[in-house]
Every structure is written in C-alpha cells, then in structure tokens.
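K.L.:
Just passing along the structure, written as structure tokens.
The values are calculated or read from the model by the stated rules, or taken from the named source; none is laboratory data. What you are looking at is a predicted structure, and each value in this text was computed from that prediction instead of being measured. All Cβ positions, even for glycine, are placed from backbone atoms using ideal geometry, and neighbour counts span all protein chains on display. Note: accessible area is taken over every heavy atom of the protein model, side chains too, but ligands, DNA and RNA are not part of it. Shrake-Rupley method; radii C 1.70, N 1.55, O 1.52, S 1.80 Å.
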Amino acid sequence: MTSFKVGLLGRGTVGAAFAELLEQRADTIEATVGRRPEIVGVLTRSRGDFDEILEASDLVVELMGGLDPARDYVLRALRAGKHVVTANKQLLSQHGEELWEASREANVTLRFEASVAGVVPVIRVLQETLAAAHIDRLHGIVNGTTNFILTEMARTGATFAEALGQAQELGYAEADSTEDVNGRDAAAKMAILARLAFGTPVHLDQVVYEGIEHITPDDLEYASRFGLSLKLIGTAERVDGGLSVRVHPVFLYGDHPLASISGPFNAVTVESPDITEITMSGPGAGGPQTASAVLGDVISAMIPPALVPEPIVKLDMVEDVLSAFYVHLEVDDRPGVLAQVAQILGMQDISVKSVDQRGMGDQARLVMVMHPAKESSVAAALQLISQLDFLRSPPRAIRVIEEEFLSSPE
C-alpha cells in the first residue's frame with residue numbers, strides 16, 4: 001500500500017482535531033481507498049516551511065483562515081499540481097473564481113465542504129447529486145452562533161447581549177463575534193452556495209446582508225402571536241432573469257422546513273421543480289465536526305477529482321425583491337395613528353395582513369405583518385412613517401417568508 005501525503009497549514013482548533021481524526025481513521029481509509037493518508041508536515045506561525053511541505057505533499061489542507069497568506073499558499077499548491085482542501089469561506093467567497101480556474105488548469109481537486117454548514121453535506125449535494133437539477137431557490141441557516149442566540153432569546157426572553165454572552169460561555173461564539181452577528185459570515189457562505197447552485201460568479205461584495213444586533217425580546221414576543229419564529233436566513237434565488245443573494249433576519253411560519261432548526265444547528269433547503277424541495281441539517285460548527293468534513297474531502301480527493309466547472313451563465317444581481325415584512329412602531333396613543341400609517345402604506349401599494357395594537361399609558365405599540373411588496377416600496381413607506389410626529393422611535397422592520405409549507409408533488 002502506498003501512502004497519501006498530506007500537508008497541513010494551520011493547527012488551531014480545527015487543524016488539531018483534523019490531525020487527530022486522520023490518525024484515528026487512517027486504517028479504515030487505507031482499507032477502503034487503497035492508500036494510507038499521513039501528515040508529512042505542519043505549518044504554524046512558529047514552525048514549518050511551506051515550500052518543504054508543498055514539495056513533500058500530494059494534498060494540502062488549508063485551515064489557517066483569512067486571505068493572506070492563505071490565498072498565496074492555495075494558489076501555489078494548485079499550480080504545483082497538488083490537491084487542496086480548505087474550510088476558508090472568506091477566501092472562496094472573494095477569490096473563488098481565481099482558485100477554481102487554477103484547479104481546472106492543473107486538473108487537481110479543490111474541495112471545500114467544511115466551508116459551509118460544517119458536516120451538513122450541502123456542497124457535495126449541489127456539486128454532484130443535484131448537478132443536473134434546475135435550482136430556483138436556496139434558503140439557509142448557515143451560522144450556528146446567530147441561530148443559537150435567536151433560539152435562546154425566543155426560549156428565555158433574554159436580550160441579544162445576554163444570549164450572545166451565553167453563546168460565548170458555551171463555546172458557540174468567539175470572543176469577537178462581529179462577523180457572525182452582523183451577517184457577513186453567513187453572506188460569505190451564501191456566495192459560495194449561490195455560485196454552485198446557479199453556475200454564475202458571485203462575490204461576497206454582491207451579497208446584501210444584515211445582522212441580528214437590533215433584534216429585541218419584544219420582536220420575538222410579538223412574533224409568537226402571529227405564529228412566527230425568527231432565524232437569520234440566507235437566500236439565493238432566481239428573480240426576473242437575474243439572481244438575488246441576501247442574508248437577513250427573517251420570520252418563518254411554523255410549517256416552513258427551517259422553522260424548527262434550533263440552537264447551533266445549520267440547515268439548507270433547496271427548491272427545484274425537478275425535486276420539489278429537500279432540506280439538509282446538522283451541526284454547523286465545532287472542531288471535531290468541521291474536521292470530519294475536511295477529512296471527507298481528503299478522502300474524496302484520493303479518488304478521481306471533481307472540479308468546479310467554469311461559470312455557466314452570467315446572471316445580473318437583483319437587490320429589489322418582493323418580501324413580506326413585520327413592522328414594529330412605538331407611537332403616541334391617540335386617535336388617527338393607525339389610519340395615517342395605513343394611508344402611507346396604501347400610497348406605496350402595501351397591504352397589511354395582521355395587526356396587533358397595545359396601549360401602554362400615553363403611548364402604544366403597533367405591530368403589523370405586511371403582505372409581500374417590493375423592498376424599495378417598504379423602505380420608502382418606512383421613511384415617510386419615520387417623519388410622523390407621533391412616532392416615538394425609529395420603525396423596525398424584519399422580513400417574513402410567506403410560505404407556511406412548500407408544495408409537495410401530486
């Protein structure tokens with residue numbers, strides 16, 4: 001039996017878990033594939049030489065994170081004819097086309113299952129199982145930190161800051177969770193998924209994203225009155241011949257397949273006329289879980305390579321899409337308030353689905369769920385509403401996915 005030599009770049013939480021897992025599973029992999037994987041070099045800040053590791057390796061695993069020097073190392077490895085496995089979502093969402101082109105030119109594999117949703121095999125499903133399907137839409141809960149925070153806020157009534165602190169104590173959130181809670185982490189992952197699902201280049205900068213920092217316990221309390229649950233959802237869908245990719249806090253009705261995904265779990269729903277819809281879910285983060293996905297990619301690279309094809313089409317990016325909204329207003333409790341708000345909404349062709357109004361002394365809280373309307377129309381309406389003299393604080397709006405359930409084949 002010949003060995004399959006692996007160079008490891010980075011030995012943090014995931015890198016250490018990967019090295020341990022590879023050693024544990026080496027016998028099984030050898031019996032299955034016919035070659036025994038072994039780590040022949042490790043590069044960290046304090047030890048290792050990249051050129052020596054590259055020369056000795058059949059495959060390079062990049063678990064350093066960030067763009068520099070990871071981009072340079074991955075490109076050099078691919079151009080040297082080495083397979084590469086990475087979990088680096090920021091690298092792929094900003095330089096993916098360059099890297100995939102380098103892998104095609106060298107006829108080597110660049111695999112990245114662990115870059116999105118941990119052990120949930122959404123990358124492999126899009127690349128292989130659904131390669132021939134015409135996909136219309138993806139919805140994803142692709143950040144376990146924010147899903148845990150929103151779950152705890154709904155379950156206990158905790159504030160955002162309290163739930164974030166709990167997530168950090170339990171290890172679900174880093175000390176600096178800025179890119180998790182502001183939506184950028186999820187946006188990077190959705191850029192990768194959209195590229196695979198729709199065959200068009202998608203850069204992180206083209207993804208519209210919004211975080212959960214502004215969510216309050218009141219939002220979750222009122223949502224329960226309407227039978228809604230709150231998630232940070234990434235969406236990629238065909239719109240008017242173009243493509244919309246976005247990440248926002250979104251309310252879901254109870255029968256939506258992502259509504260029940262709680263805690264640090266991730267899930268992705270794929271919609272296509274060929275398959276109706278499928279949902280994949282599982283742990284989205286953690287050293288052992290991510291290491292398992294990385295090792296799965298290493299095993300796949302030991303078999304004939306699968307390449308990301310050149311872009312099939314060039315779709316225009318669409319930002320102004322139809323969406324339903326939850327709107328929260330703090331107002332003076334006086335006659336005519338609801339009528340003025342309704343008049344402004346009507347001017348923008350926005351209709352109201354549900355209303356909940358509660359008086360609190362000399363002020364009132366007005367919460368509404370709108371029927372779907374253009375996002376630009378909703379933004380214009382909220383701008384006009386924010387200028388009304390009876391408003392006590394800026395209006396808050398959160399998107400709502402209207403589908404209570406997805407249609408099933410007859």
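K.L.:
Report the semi-axes of the equivalent ellipsoid for the stretch 186-262 in whole Å, largest first, where each axis is √(5λ) for an eigenvalue λ of the Cα gyration tensor. Before the final figure, lay out each step's value.
P.N.:
Numbers: eigenvalues 143, 38, 20 Å².
The equivalent ellipsoid of the stretch 186-262 has semi-axes of 27, 14, 10 Å.
K.L.:
Of the DSSP beta bridges with both residues in the stretch 1-87, give the percent that are antiparallel, rounding to the nearest 5.
P.N.:
Details: 0 of 16 bridges.
DSSP beta bridges in the stretch 1-87 are roughly 0 percent antiparallel.
K.L.:
Could you bin all the Cα-Cα distances of the chain into 20 Å bins starting at 0 and give me the percent of pairs in each, rounded to whole numbers?
P.N.:
Calculated over all Cα pairs of the chain, the distribution is 26, 51, 20, 3, 0 percent.
K.L.:
Which of THR200, MET302, THR159 sits closest to the plus end of the dipole of the chain, meaning its Cα is farthest towards the positive end, when Lys and Arg get +1 and Asp and Glu get -1 on the C-beta?
P.N.:
MET302
K.L.:
Name the most mobile residue of VAL33, VAL308, VAL74, meaning the one with the largest mean-square fluctuation, in a Gaussian network model of the chain with Cα contacts below 10 Å.
P.N.:
Highest fluctuation of the listed residues: VAL33.
K.L.:
Give the carbon-plus-sulfur fraction of the accessible surface of the stretch 205-290 in %, rounded to a whole number; probe 1.4 Å, heavy atoms of protein chains only. Don't skip to the end; give the middle numbers.
P.N.:
Values: 1460 of 3040 Å².
Of the solvent-accessible surface of the stretch 205-290, carbon and sulfur hold 48 percent.
K.L.:
Å³ per residue of the Cα convex hull, for the stretch 228-328?
P.N.:
On the way: hull volume 16.2 nm³, N = 101.
Per residue, the Cα convex hull of the stretch 228-328 comes to 161 Å³.
K.L.:
Restricting to DSSP H runs of at least four residues, report the calculated mean residue ellipticity at 222 nm for the chain, -39500 (n - 2.57) per run over all residues, nearest 500 deg cm²/dmol.
P.N.:
Details: 12 runs with 144 residues, N = 410.
Computed mean residue ellipticity for the chain: -11000 deg cm²/dmol.
K.L.:
Now for a separate question. Below 25 Å Cα-Cα, how many Lys pairs turn up in the chain? Only count pairs eight or more apart in sequence, or on different chains, if you could.
P.N.:
Count of close lysine pairs: 12.
K.L.:
Give me the 1.4 Å probe accessible area per residue for the chain, excluding ligands and nucleic acids, in Å².
P.N.:
Values: 17450 Å² over 410 residues.
Per-residue value: 43 Å².
K.L.:
With an 8 Å Cα cut-off and a minimum separation of 6 or more residues, compute the relative contact order for the stretch 9-115 in percent. It would help to have the intermediate numbers written out before the result.
P.N.:
Working: 144 pairs, mean separation 24.0, N = 107.
Worked out over the stretch 9-115, it gives 22 percent.
K.L.:
Kindly report, to the nearest 10 Å², the accessible surface of ILE312 as traced by a 1.4 Å probe over protein heavy atoms only.
P.N.:
For ILE312, the solvent-accessible surface is approximately 130 Å².
K.L.:
Here is a follow-up. Suppose R0 equals 22 Å; then what is the FRET efficiency for GLU52 and ALA80 from their Cβ-Cβ distance, rounded to the nearest 0.05?
P.N.:
After rounding, the FRET efficiency stands at 0.95.
K.L.:
Please find, in a Gaussian network model of the chain (springs between Cα atoms separated by less than 10 Å), the residue of PRO309, PRO201, PRO121 whose mean-square fluctuation is greatest.
P.N.:
Evaluated over the chain, the most mobile residue of the options is PRO309.
K.L.:
Let me ask you something else. Give me the percent of DSSP beta bridges within the chain that run antiparallel, rounded to the nearest 5. Don't jump to the answer; show the numbers that get you there.
P.N.:
Working: 52 of 76 bridges.
Percent antiparallel among DSSP bridges in the chain is about 70.
K.L.:
Could you grab the relative contact order for the chain? Cα pairs under 8 Å, six or more apart, rounded to a whole percent. Intermediate values should be presented prior to the final figure.
P.N.:
Working: 868 pairs, mean separation 68.9, N = 410.
RCO, the chain: 17 percent.
K.L.:
Starting from the amide H of ARG36, placed 1.01 Å from N in the peptide plane, find each other amide H under 5 Å away whose residue is 5 or more places distant or on another chain.
P.N.:
THR2, SER3, PHE4
K.L.:
Between GLY234, GLY211, GLY359, where does the largest GNM mean-square fluctuation fall for the chain, given springs only between Cα atoms within less than 10 Å?
P.N.:
Looking only at GLY234, GLY211, GLY359, the largest GNM fluctuation is found for GLY359.
K.L.:
Got a sec? Charge dipole of the chain, +1 on Cβ for Lys and Arg, -1 for Asp and Glu; which of ALA114, SER57, HIS214 is way out at the positive end?
P.N.:
In the chain, that residue is SER57.
K.L.:
Separate question: Using a Förster distance of 22 angstrom, determine the FRET efficiency expected from the C-beta separation of GLU105 and GLU319, and round it to 0.05. Before the final figure, lay out each step's value.
P.N.:
On the way: r = 34 Å, r/R0 = 1.52.
E(calc), rounded to 0.05, equals 0.05.
K.L.:
Moving to a separate point now. Treating only the Cβ atoms of Lys and Arg (+1) and Asp and Glu (-1) as charged, compute the dipole magnitude of the stretch 79-182 about its Cα centre; round to the nearest 20 debye. Write down the numbers at each step before the final one.
P.N.:
Values: 8 positive and 14 negative charges, 86 e Å.
Computed about the Cα centre, the dipole is about 420 debye.
K.L.:
Stretched out fully, how many nm does the piece from THR129 to LYS353 gain, at 0.36 nm a residue minus the Cα gap? Don't skip to the end; give the middle numbers.
P.N.:
Working: separation 224, 0.36 × 224 = 80.64 nm, distance 3.90 nm.
Net length gain for the segment: 76.7 nm.
K.L.:
Counting only protein heavy atoms and using a 1.4 Å probe, what share of the accessible area of the stretch 338-399 belongs to carbon plus sulfur, as a whole percent? Please report the intermediate quantities before stating the final value.
P.N.:
Values: 1510 of 3060 Å².
Carbon-and-sulfur percentage of accessible area, whole number: 49.
K.L.:
Please state the charge dipole magnitude for the chain, taken about the Cα centre, from unit charges on C-beta atoms (+1 on K and R, -1 on D and E), reported in debye and rounded to the nearest 20. Please list the in-between numbers first.
P.N.:
On the way: 33 positive and 57 negative charges, 77 e Å.
Approximately 360 debye in magnitude.
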